[in-house]
Amino acid sequence: MVAGQFERKVGAIIQVRMGSSRLPGKVLKTLPENGHISLLDHILNRIPAEYEAIIATTESEVDDPLLERFPSAFRGSENDVLERFYLCSKVNKLTTIIRLTGDNPFIDPSKMIEVVNFHLENNFDYTRSEGLPLGCNFEVFNFDCLEKAQLETNSLFDREHVTPYLKDSTKFNTGQYIYENYPDLRLTLDYPSDYEMINKIFIELGENATFEHVVDYLRNHPEVARLNAQNRQMNS
């Protein structure tokens, strides 16, 4: 290794817990409903092979079933999610972190690579994608900035939501990768009607449908998109 260089390690951390107030146990629900692959497995399968895939859940006994299914999952604070991400990243020696949540089965691998490359090439501290359907955007940030947030902020909001402190452009070099021409769609799993809609997509398109296939299907079948259009996005 040339002097001054360091080994870069990119990892996708999936933030999950079983105790959703509106759809308990959703991360282990199968898609399609009569299939054998869980929501969380679908997310793991969409993470590019060159990135490490890590599940970060809580120390609550409610989340014990996750460890039975995914014994290598990291366990940390239930409410201090910033600390959970920080310790998980530190243990796994990540230099660059992709933040995902465990309710979004249509994360696009090619877009993940695209945004990570954009983040690294421009030497950003924090980057987010924008313009994709709800449930398809994600964030990328560096470990040293995550560590700075962990050490500096005492805000309960910052610590619960992980990245608000990192989005401050007066403290960090922030970037946005903006996607356009995508419809106002809801592709996240938070309510029973979300599950109904997403389940229908999996039944119609199969388990390996790409992001583009899903969007095209919903453009051509607005009655399916309307199944969960009334839902408001809230924290689990």
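The values are calculated or read from the model by the stated rules, or taken from the named source; none is laboratory data. Computed from a prediction, not measured in an experiment: that's the story for all the values here. Positions of Cβ are generated from backbone atoms using ideal geometry, with glycine treated the same way; all protein chains shown enter the neighbour counts. Note: areas computed on protein heavy atoms with side chains; ligands, DNA, RNA excluded. Shrake-Rupley method; radii C 1.70, N 1.55, O 1.52, S 1.80 Å.
Things worth noting here:
- In order along segment 168-177, the phi-based Karplus estimate (6.51 cos²θ - 1.76 cosθ + 1.60, θ = phi - 60°) of 3J(HN,Hα) comes to 6, 6, 7, 9, 9, 8, 10, x, 10, 10 Hz; Gly and Pro are listed as x.
- Base-10 log of normalised Debye intensity for the chain (one unit scatterer per alpha-carbon) at q = 0.12, 0.13, 0.17 Å⁻¹: -0.67, -0.79, -1.35
- Most simply put, segment 1-110 has about 5% antiparallel DSSP beta bridges, counting only bridges with both residues inside it.
- Segment 57-102: GluC sites (Glu not before Pro) in DSSP coil with no more than 13 other Cβ atoms inside 10 Å: Glu59
- Comparing His161, His213, Tyr191 along the charge dipole axis of segment 112-236, the residue lying farthest to the positive side is Tyr191, per the Cβ-charge model.
- For the chain: relative contact order, % (alpha-carbon pairs under 8 angstrom, 6 or more apart): 21 percent
- Loop-resident chymotrypsin sites (Phe, Trp or Tyr not before Pro) (DSSP state other than H, G, I, E or B) in segment 1-94 with no more than 14 further Cβ atoms inside 10 Å of their Cβ: Phe6.
- Per residue accessible area in Å² of the chain, where ligands, DNA and RNA are left out and the probe is 1.4 Å: 49 Å²
- Distance from segment 83-132 to segment 168-191 (C-alpha centre basis), Å: 12 Å
- For segment 102-236, the share of DSSP beta bridges that are antiparallel, to the nearest 5, is 35%.
- Bridge type composition, the chain - antiparallel percent by DSSP, nearest 5: 30 percent
- Size-normalised alpha-carbon gyration radius of segment 16-124, reference 2.2 N^0.38 Å: 1.11
- For chymotrypsin sites (Phe, Trp or Tyr not before Pro), no site in segment 148-196 is both called loop by DSSP and has at most 15 other Cβ atoms within 10 Å.
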